[in-house]
1. Can you pull the accessible area of Cys187 for me, 1.4 Å probe, Å² to the nearest 10?
2. Please sort 224-232, 280-288 by packing, taking for each peptide the average over its residues of neighbouring beta carbons within 10 angstrom, highest first.
3. Past 20 Å, Cα to Cα: identify those pairs from Lys129/Lys204; Lys204/Lys272; Lys128/Lys197; Lys204/Lys285; Lys71/Lys133; Lys120/Lys197, in the order given.
4. Quick one: dipole size for the chain, taken about the Cα centre, charges +1 on Lys/Arg Cβ and -1 on Asp/Glu Cβ, in debye to the nearest 20.
5. Cα gyration tensor of the chain, axes a ≥ b ≥ c as square roots of the eigenvalues: rounded (a/c below 1.5), prolate (a/b > b/c) or oblate?
6. Can you give the relative contact order of the chain as a percent, counting alpha carbon pairs under 8 Å and 6+ residues apart?
7. What residue among Ala110, Ala154, Ala326 shows peak mean-square fluctuation when the chain is described by a Gaussian network model with Cα springs under 10 Å?
8. I want the local charge near Gly318. Using Cβ-Cβ distances under 11 Å, sum +1 for each Lys or Arg and -1 for each Asp or Glu among the other residues.
Amino acid sequence: MLKRHTNIALIYFFLIAFLGVMLRIFPIVDMPVNYRFIVHTHSHIALLGWVYTGLTTLIYFAFLKSAAVRKRYRIIFWFTQITIIGMLVTFPFTGYALFSIIFSSLFLLASYWFVYFFFKHCPATLKKKPSYKLVKISLWYMVISSLGPWALGAIMNTAGSGSPWYRNAIYFFLHFQYNGWFIVALCGIFLFVFEQKSYTLSRKVFTPFYYLLNGGVVLTFFLSLLWMHPNWSFYLLALLGGVMQLISFGMLFRAVYARAMSIFKEMSSLVKTSVWMAILFLFVKLCAQILGSFPVISDTVFTNLDMIISYIHWVFLGLVSVLLMAFLYQFQLMKLSLSRLYFYIAGFFLTELLIFSRGMAAIAGIEMTSYLHLLIGIASLWLLIAIALILAGQLSLKD
Ligand code: HEM
């Protein structure tokens, strides 16, 4: 069952990469589609299809597989898939409209059902573990993030889609989705991998780590409001949040390095490579968060789409997608070779480098070669081929 769920998650990954390439080559190839509708399809299926399906499959494997709730979980899983496929076949043609809003609202209800199911059926023995405590708070971040989309309806009818409230509601959703739900849940699965090998983070380390990490998740939301050039206190709170997160992850990796490196060394080279890559991606993200709290940087960065898109894809394609694949591989739900992972990471670095350079050139007022669009399109195609090879490897009958 979980291998099939992993296949479905990877099919979504391939589909969003395909849509992403369509968006990237839009400036150079004429296509009979609506750009914004494809952006909405891409981001919904990316967050709610690939990452949500991948993460809930990992959480079921780690915490619910022993609870004999397979049949009931299957109902939740397929109901959720119907809502995701509903979004996939409506957003490209209508954008935000009746049916796409119905399916995305039904998805939110399906996600609340999963959260209730997890809390009800997770064995009591596992509820004492640090990994459970992180997954628990990450699921609450997922629920909290949904306040954004629910508020959109009311905002559209009152302040309107041009109002700062509309943009902030989308940023609220995105922030608590990836800085809360995605990253904290992946931290929980990271600790679960070590707990499976009988290393549990001590209470002395876990308690300050937990409060610094989550305090940082909440306070770094202020970063998403800096585009409005608010009062200086917003910058200070965002900076404090960024520093709290940097310290919290520093504490986590120091503890694991001191106590569990022998366990880590026993893991497969694919998982070790992915974790070291993820630590690099995370470190850059944490530094970007702190730098982004300074007005001179946030004023420049938040008005440049390439800087925003390269940052969110650094997190989504780098940190989140590489760790998701590594944990699916660690739990033997996914087949992946080191060479395919390297091919993916090379494509990732190339797209990030080109989009970041285009953003920096615009900030510096430097005229970039007109071939840059084409180069970005080719690099994104490389990423699409890498994801296609990963999916083909997963679906192939060969072990
Ligand atoms: C091969 C992989 C990918 C490519 C080529 C790609 C490309 C793009 C492009 C071109 C945009 C539109 C930027 C704009 O004009 O607003 C975009 C937006 C976005 N992408 Fe991706 N993307 C990829 C993978 C992902 C993944 C894996 C995720 C998340 C897990 C993701 C999440 C998003 C989000 C949230 C947006 C912003 C949507 C908005 O502005 O409403 N993308 N992507």
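1. Surface open to solvent at Cys187 totals about 10 Å².
2. 280-288, 224-232
3. Over 20 Å Cα-Cα: Lys204/Lys272; Lys204/Lys285; Lys71/Lys133; Lys120/Lys197.
4. 1800 debye
5. Since a/c stays below 1.5, the shape of the chain is classed as rounded.
6. 18 percent
7. Looking only at Ala110, Ala154, Ala326, the biggest GNM fluctuation is shown by Ala154.
8. Neighbour charge sum, excluding Gly318 itself: 0.
The values are calculated or read from the model by the stated rules, or taken from the named source; none is laboratory data. Computed from a predicted model, the values in this text were never measured in an experiment. Quick reminder, even Gly has a Cβ in these numbers, built from the backbone with ideal geometry, and neighbours come from all protein chains shown. Accessible surface is based on the protein model in full, side chains and every heavy atom, while ligands, DNA and RNA are left aside. Shrake-Rupley method; radii C 1.70, N 1.55, O 1.52, S 1.80 Å.
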